[in-house]
Amino acid sequence: MISTKKLALYCHVPFCAHRCSYCAFYQEPPTSALVERYLSTIEEEFRLLNITRPFFTIYVGGGTPGALGANAMDRLCATLTANNGSLKPAEFSVEFSPCTVKREKIEILKRHGCGRITIGVQSFSDRIINLLGRRQTAAQAIAAYETIASCGIGNIGIDLIFGVPTQTLDEWLSDLRCAVSLHPHHISTYNLTFEDGTPLQRHALSGVTQKKSPDEEADFYAATWEFLGENGYGQYEISNFCLPGCESIHNTNTWKMHDWIGIGPSACSQFENRRFSNPPSIGLWSETIKRGALAYIGVENMDAKTLAEDSIIFGLRMNSGIDMASIECEFPSVDFSRLLQLMAYLEEENFTKWDGNSVRLTPRGRMVADAIALQVLEAM
Ligand code: SF4
């Protein structure tokens with residue numbers, strides 16, 4: 001049977017000039033030898049993939065894609081868009097960190113069809129930026145936004161982080177005010193996570209720094225949702241807000257369980273009911289590919305139950321929720337009886353709201369979406 005799922009391409013650019021204190025992503029310093037090895041291996045990986053379908057969306061993330069120079073960016077884009085010929089993807093997004101924004105690179109991206117850029121601002125407060133171990137200033141973030149806007153990029157997003165130790169609610173509201181004053185099309189707000197092995201986590205464990213309590217986090221969530229809603233940014237996913245019609249098509253298709261192929265070290269894929277990833281090492285990834293084989297590790301065949309669970313968990317993250325009748329119809333071999341009992345209980349407690357066959361999280365439910373996801377797994 002021919003898949004009706006849309007196919008997306010995710011490209012991981014694993015370069016960062018230094019490591020932020022909260023970051024657990026795989027990344028390396030961008031030396032010219034390593035960048036050359038990366039680009040030539042991406043080209044080879046693309047040939048080995050042998051996918052002839054055009055990509056519905058293309059997303060370049062990292063790491064720091066902007067760590068690539070203009071020529072490297074040009075070469076990477078030429079590879080990524082090769083499948084599409086003259087067909088423009090519905091969305092071509094690239095992540096940028098403010099210090100790496102240069103007009104020349106943005107113009108190259110635009111020439112290759114990139115129409116969406118998200119800027120990893122994280123905060124407009126230099127105090128918070130320092131706490132996060134990032135190397136940028138608020139002034140650089142604003143200048144980066146203005147450069148991208150002046151190049152005529154039609155959809156610009158700003159990513160922000162809240163819940164930073166010692167950050168006050170007033171500081172966070174001031175970040176949101178500053179973001180809104182730039183009139184971006186999209187705003188993502190992420191609750192800071194303390195990942196294993198990061199300096200941030202070590203400081204929290206040794207008592208040097210303190211994580212926000214669940215009540216404090218709830219205050220940050222509530223203030224964010226209220227402020228952005230009042231300023232015209234509709235919430236369409238727990239962490240994502242936009243002006244009307246500016247939702248991320250790529251991310252939405254991921255939450256809707258469409259297929260995506262990830263290329264580059266540590267990139268994950270979900271393709272034809274299998275999940276797999278590349279190793280988090282340029283060396284291992286490129287050695288395997290140069291020998292003529294794809295470097296996939298952790299290949300998992302997703303059975304009907306896993307696919308149904310993920311459709312529910314990711315679907316509930318979106319404000320539009322899920323259509324339970326369609327999910328039951330798509331996975332007839334799965335027993336949903338315990339899940340439906342759970343959903344009834346969650347509605348009684350005002351965590352979910354049913355509307356015909358559709359169910360979605362209420363604001364109270366969105367605050368505890370991760371806990372609800374665990375309950376869904378237990379009930380399936
Ligand atoms: S820029 Fe992003 S990927 Fe690089 S270290 Fe910082 S958080 Fe991690």
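Summary table below
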quantity	calculated
Cα centroid of the range 117-187 to Cα centroid of the range 37-82, whole Å	27
Charge dipole magnitude, Cβ of K and R +1, D and E -1 - the range 125-234, Cα centre, debye nearest 20	400
Highest-MSF residue in the chain out of E171, E309, E226 [GNM, Cα springs under 10 Å]	E226
Lysine pair count for the chain [Cα-Cα under 22 Å; pairs on different chains or 8 or more apart]	12
Contour minus Cα-Cα distance for E230 and T4 (0.36 nm per residue)	77.6 nm
Check: the chain dipole with +1 on Lys, Arg Cβ and -1 on Asp, Glu Cβ, in debye	1260
Stretch gain in nm, segment E171-L205, where the contour uses 0.36 nm per residue and the Cα spacing is subtracted	9.8 nm
Farthest positive-ward along the chain dipole, Cα basis, beta-carbon charges - from N83, S213, A144	N83
Contour minus Cα-Cα distance for D323 and E195 (0.36 nm per residue)	42.8 nm
Dipole of the range 7-255, positive end: most advanced residue of G133, I153, C242 [Cβ charges, Cα centre]	I153
Given charges at Cβ of Lys, Arg, Asp, Glu: the range 281-330 dipole, positive-most of S326, N301, T288	T288
Environment charge at K256 (Cβ cut-off 10 Å; Lys +1, Arg +1, Asp -1, Glu -1)	+2
The range 304-379 - Rg over Rh from alpha carbon coordinates, Kirkwood radius	0.92
Compactness index (Cα Rg / 2.2 N^0.38 Å), the range 240-371	1.28
Taking the convex hull of Cα positions in the chain, its mean projected area over all directions (nm²)	19.1
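Throughout, read-outs are computed from the coordinates displayed, never taken from laboratory work. Owing to the predicted nature of the structure, the values given are computational and were not obtained by experimental measurement. Cβ: placed from backbone, ideal geometry, glycine included. Neighbour counts: every protein chain shown.
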